Amino acid sequence: RRPLLERAVAAALEDCSPSSVRWNYENGLILSALWACGENEGSGIKPGGEELLSAVKQRIDALIDSGGSISGYRKDEFNIDQVNAGKVVLSLWKRYGEERYRKAVLALLSQMAEHPRTASGSFWHKKIYPHQVWLDGLYMAGPFLARCAREFANPALLDDVCAQLLKARDTMRDPGTGLYFHARDESKAMPWSNPTTGLSPHVWGRAVGWLAMALADTLPLLHSSHPQRGEILAMFPSLMAAVARAQDDSGLWHQVLDQPGREGNYLETSASAMFAYALLKGLRLGYLVDSDPPGLGRAAAAAMEALASQRVRLDGAGRFHLSGICKVAGLGGSPYRDGSFAYYVNEPVVADDYKGTGPYILALNESLALGDP
């Protein structure tokens, strides 16, 4: 794993340079992955430790000025995706103590304090998607708010994160499979929403991946006495057992998880990497138990082997590439995205997208932390 991670990190640093970095959730994801590798000094990768953390700092510094203003960020969009990169800024503030980082974090917290919500209390995904909850958003804001709860001594933020996760469990989970639908329109006004439940039509792999990572990253921030810790602690293994059951014999997972045998469905890389990361982190921290069933350790190992053998390519110069990544998928908007099976399987499939390489780097890093060199 170590040589593979070194190549993946080198490619990410080249692709996400100080001149090309942008404030969005994809860049936040890849920088979070690089930061995690830098903190894991026991991995032995190069660059590692302070050198890698400094490289992440250099990229964020290209986006945040001395007064804490964030280039490319607009609060009035109320776009929950735009909060994801705040986790890296929070880490920079804690390590380097620069006031501009604290101000940037407070600006993002200000957005979430005013962020519109559904009638039942869940954050809208974006202002342009009123009354809609997407699983993606649970990852974009949840771990950030959970960390801010600790850093700013504001336990209400953590209570809110737990409430958001449990609302998704209660309203978006398919009781038959234990998997979760991509989105819910609480107003039931969107043509893609079920008129009874408000749910979107299908279980999209990467959306479930976002949820899995949200749980894996939030649980370590829940102190043992938190009143919702038991429910969140039960939600995570329940989800990951369902994920393991949905795994293809190849070791990967399908783009549309509730249609595994349907013609046109394909094995998708970003969701597979997300599931591998969540499984490995959950096993390392003891939130998941490798019993049989469900054999979660075997599921993680199979996923890592499949990603390395089926999706990683080194070009003639030895540079790392990761293929088979769904470029983007959403609901509504213009042109209109109807959430149908045909929609999901016909979105472009690309290589080296941060939504795949970020989780894969995180998974490789977790694998090394578990002692798999």
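The values are calculated or read from the model by the stated rules, or taken from the named source; none is laboratory data. Since we're looking at a predicted model, the values are computed, not measured. Here the Cβ is made from the backbone with ideal geometry for all residues, glycine too, and neighbour counts use every protein chain on show. Accessible surface is based on the protein model in full, side chains and every heavy atom, while ligands, DNA and RNA are left aside. Shrake-Rupley method; radii C 1.70, N 1.55, O 1.52, S 1.80 Å.
In the chain, taking the dipole from charged Cβ atoms about the Cα centre, the farthest positive-side position among Gly339, Ala153, Thr177 is held by Ala153. Per the Debye calculation on the chain with a single equal scatterer at every Cα and no solvent contribution, log₁₀ I(q)/I(0) for q = 0.07, 0.12 Å⁻¹ amounts to -0.27, -0.87.
Computed from backbone phi with θ = phi - 60° and the Karplus coefficients 6.51, -1.76 and 1.60, the 3J(HN,Hα) list for region 342-353 is 4, 4, 4, 7, 10, 5, x, 10, 10, 10, 6, 6 Hz; x is used for glycine and proline.
Each Lys and Arg adds +1 at its Cβ and each Asp and Glu adds -1 at its Cβ; summed about the Cα centre, region 139-274 shows a dipole of about 180 debye.
Within the listed set Asn27, Asn346, Asn40, the Gaussian network model of the chain (springs between alpha-carbon atoms below 10 Å) gives the highest mean-square fluctuation for Asn346.
Just checking the listed ones, Gly137, Gly176, Gly42: in the Gaussian network model of the chain with Cα springs under 10 Å, the one fluctuating most is Gly176. For the listed residue pairs Lys103/Lys327; Lys75/Lys188; Lys281/Lys355, the alpha carbons are over 24 angstrom apart in Lys103/Lys327; Lys75/Lys188.
Using a Gaussian network model of the chain in which every pair of alpha carbons under 10 angstrom is joined by a spring, one finds that among Ser250, Ser334, Ser122 the greatest mean-square fluctuation is at Ser334. Accessible surface of the chain, 1.4 Å probe: 50 percent of it comes from carbon and sulfur atoms.
Of the GluC sites (Glu not before Pro) found in region 186-291, those that fall in a DSSP loop while having at most 13 other beta-carbon atoms within 10 Å are Glu263.
Using a probe of 1.4 angstrom and keeping all protein chains present, the accessible surface of the chain works out to 38 square angstrom per residue.
Only helical runs count toward this figure. For the chain, summing -39,500 (n - 2.57) over DSSP H runs of n ≥ 4 and dividing by all residues gives -16000 deg cm²/dmol at 222 nm.
Placing unit charges on the Cβ atoms of the charged side chains and taking the dipole of the chain about its Cα centre, the candidate lying farthest along the positive direction among Ile64, Ser270, Ser238 is Ile64. Between rounded, prolate and oblate, where does region 265-373 land on the alpha carbon gyration tensor, with a ≥ b ≥ c its root eigenvalues, rounded for a/c under 1.5, else prolate if a/b exceeds b/c? Cα axes put region 265-373 in the oblate bin. Under the definition of Cα pairs under 8 Å and six or more residues apart, what whole-number percent is the relative contact order of the chain? 17 percent. Give the separation of the Cα centroids, region 68-147 to region 197-245, in Å. With region 68-147 and region 197-245 each reduced to a Cα centre, they are spaced 20 Å. For region 1-125, the Cβ-based charge dipole about the Cα centre amounts to some 200 debye (Lys, Arg positive; Asp, Glu negative; other atoms uncharged).
Charged side chains reduced to their Cβ positions (Lys and Arg at +1, Asp and Glu at -1) give the chain a dipole of some 400 debye around its Cα centre.
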